[in-house]
Amino acid sequence: MGCEKEADNERPDAINRKNWAINLSQKPFSSAERSLLEKGPKFAPTPRTIPVKDIVSEVEAAIVRLPYDSKDAIRTTTASLLHRTRLPPHRNITKAELRALKSLKDDHERVIMKADKGNCFVVMDKMDYDTKMEALLGDRDTYRPVDKSPFAKIEKDLNNRLLDLKRQNKIDDLIYRKLRSSDGSPPAIRGSIKHHKPGFPLRPIVSSIGSALYNTSKFLSDILSPIQNLNGYSVLNSSQFAKEVANMEISDDEVMVSFDVVSLFTAIPVNKACEYIRDKLNNDNTLHLRTSLNTDDIISLLEFTLSNNYFVYNNCIYKQIHGCAMGSPVSPIVANLCMEVIEELAISTSSVPPKVWKRYVDDSFVIIKKDAVSSFHNTLNASDPKISFTIELENNGQIAFLDTLVSRRNGVVVIDVYRKPTHTDRYLDFSSHHDKKHKISTASTLLFRASSLPTSHEGKIRETNHVRAALEANGYPSSVISTILNKKPPSPTVPPPEELVSMFFKWADPSDTHKGFACLPYISGLTEPLTRLLRKNEIRVVNKPFKTLQQEFPSPKFRQPSHLQSNVVYKIPCKDCPWNYIGETGRCFQTRKKEHQRNLKNYAKGSNVANHAWQNNHSIDFDNACVIDKGNYRVRKTLESWHTVKTVDAENNSKPLPSNTPYCCN
């Protein structure tokens, strides 16, 4: 990349590790706890066992469409790989760190989570966290407690709307079944700790995955994505921003300014936003290529989705009164489109519009005449009473935007890399149990940015020095860094927004172009040959770490008790013999259990549970029926068959795993 030789001549100071783990609790870290948490949220400890069940379920889901001969060949090879693979002999965490991990997981008086900004862990006393959450939700201008649960009614109303659209032939049966909800989980809120702010406030984040409206929200985001980022004001990333403003002339009577929206998501005027979006959809000539819904249908669904902004915290239900929930798939798009209307109106009506306006979500970079700053700020704030813009002027000829430091030198704009005070230089550690390609990609991205983002040659050298030191602090060998530096970097391109959207959805739905899809947990020495095997059969494969430290410490949000969870595999035992029924359902386990009880009462002939009870004069132990596994629709049938094989005297209605498959016995 052209900077290696000079980078060796000047090395920066050692990377500061003090912010790799932040302790805000009253209890000090032990040395083992600190060394463990300093590895970062993305760090994956070496697995202690091979996750055979997870690998088998992914392989079985991936090969469904293949011919029988291909399936058998893949199963045989997979079983052989599973039998002969051994875990790495050396673990990447010490015994003391392993004990610290168990101790931290068992400590219910503290919460451990990824920081709001910066790739590090923050630890806070649970009591302190709860107090801050209650104070946050006590804001009656934003949140209102609700006595009666609205979730069943929301689900019923949604399903009725979808059924109407299906009857009008505006959505097909496939989309209807995908969007229809049955026993959706309530959205849950959590707080992300802003350890860099005074008082350590929390940022509210609502997880709506699995809720009644989640798939509809994703569906709407697919439709709305292509109409955003078309006015030329927004930027996708710092590389695009640098390319567009670097070396631009700036005169002495102009100033660089940054405008930022205060709490954008909760400030969005939903009614106005929907009208903004209606206008954009009416002017979109490609809408009919993405959906059969008309503008009124889309806006009706959007208003329904955005207005039912309910969530759960500590078994209490709240409604967000204003704006969009941070965590809903469609919220960022609505926020972005709302910002587009505001910026277009402000720029077109200003007597002295800015020479440059570049925006990333709610943060903007502006070059404008010095005497026009105040009036333009007022124009922005007049757009809506709920939306408030803060202002930051350049200081000593410099201002930060995204992760760039923009400076004026000799009348032109110069770009350097900027690191916020929250930046930790903590990246994916080289010793983490990840695919080596992931680690090389991390290093390559950072080194490529170092050689391309800064405008000046000196800036490139300085940034390359810093990145090299940071990578070495994260365990990357000098030889690996040098190899990457000596490679020719790829030519950077920024596709237009509509192309990016189509690229994303093509990747997200690989079944359109591939015969299958598998997401394999990474096990060194096993995942690599298995990936090659599947790809030879035109199956798209990605891999993920088996379990990261962040996954070891679940976020402190409300979780449904097991009997109210959906997408589960469950077991129903018999009271009078060892017999068990293994089943799976995408709905709530409690709902499915009631159906089994009803089938037993009515002696439904197709029910295995009823047949066993009546034919043997046995009683079914519904009190001890329980959830034994979870999985999405792709893998649940395989998991059901797997647990049937593993459970003594078990029965189910699913097609069993092939009897000649060796991995059935692992």
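Observations on the structure shown:
- Taking each residue of segment 161-175 that is under 14 Å from Thr291 (Cα atoms) and of a type in the set (Val, Ile, Thr) and looking for partners that are open to solvent by less than 50 Å² (accessible area, probe 1.4 Å) and assigned to a helix (DSSP H, G or I) with beta-carbon atoms closer than 8 Å, six or more apart or interchain, yields Ile171/Leu162; Ile171/Leu165; Ile171/Leu179; Ile175/Phe219.
- Every residue from segment 56-76 that is acidic (Asp, Glu) and farther than 11 Å from Arg634 by Cβ: Asp69, Asp72
- Matching entry among Lys218, Lys166, Lys156 (being touching a Pro at 6+ places or on another chain (Cβ under 6 Å), within 28 Å of Arg592 (Cα to Cα), of a type outside the set (Ser, Thr, Tyr) and open to solvent by 60 Å² or more (accessible area, probe 1.4 Å)): Lys218
- Odd one out for Ile391 among (1) surrounded by fewer than 17 Cβ atoms within 10 Å (Cβ to Cβ); (2) at pLDDT 95 or above; (3) assigned to a loop (DSSP other than H, G, I, E, B): (3)
- The C-beta contact set for segment 434-451 (first residue without any contact (Cβ under 8 Å) to a residue 40 or more places away in the chain, second residue part of a helix (DSSP H, G or I) and surrounded by fewer than 21 Cβ atoms within 10 Å (Cβ to Cβ), distance under 7 angstrom, 6+ apart or interchain) is empty.
- Among residues of segment 337-357 being touching a strand residue (DSSP E or B) at 6+ places or on another chain (Cβ under 7 Å) and assigned to a helix (DSSP H, G or I), the one that is nearest to Ile250 (Cα to Cα) is Ile347.
- Condition check for Ala613: open to solvent by less than 50 Å² (accessible area, probe 1.4 Å), in a helix (DSSP H, G or I), free of Cβ contacts under 8 Å to residues at least 60 places away in the same chain and of a type in the set (Gly, Ala, Ser): yes
- Any chance Ile628 is open to solvent by less than 30 Å² (accessible area, probe 1.4 Å), of a type in the set (A, V, I, L, M, F, W, C), assigned to a strand (DSSP E or B) and touching a helix residue (DSSP H, G or I) at 6+ places or on another chain (Cβ under 7 Å): no
- Selection within segment 169-200: residues that are open to solvent by 50 Å² or more (accessible area, probe 1.4 Å) and under 22 Å from the mean Cα position of the chain (by Cα). The member of this set that is farthest from Pro554 (Cα to Cα) is Lys178.
- Asp576 meets the conditions (1) among the acidic types (Asp, Glu); (2) open to solvent by less than 50 Å² (accessible area, probe 1.4 Å); (3) outside any helix (DSSP H, G or I) in every case but one. The failed one is (2).
- Here is the figure for segment 284-336: residues that are of a type in the set (Ser, Thr, Tyr), assigned to a loop (DSSP other than H, G, I, E, B) and within 21 Å of Ser185 (Cα to Cα) total 0.
The values are calculated or read from the model by the stated rules, or taken from the named source; none is laboratory data. If you're wondering where the values come from, they're calculated on a predicted model, not measured in any experiment. Quick reminder, even Gly has a Cβ in these numbers, built from the backbone with ideal geometry, and neighbours come from all protein chains shown. For the accessible areas, the whole protein counts, side chains as well, though only heavy atoms, and no ligand, DNA or RNA atoms are used. Shrake-Rupley method; radii C 1.70, N 1.55, O 1.52, S 1.80 Å.
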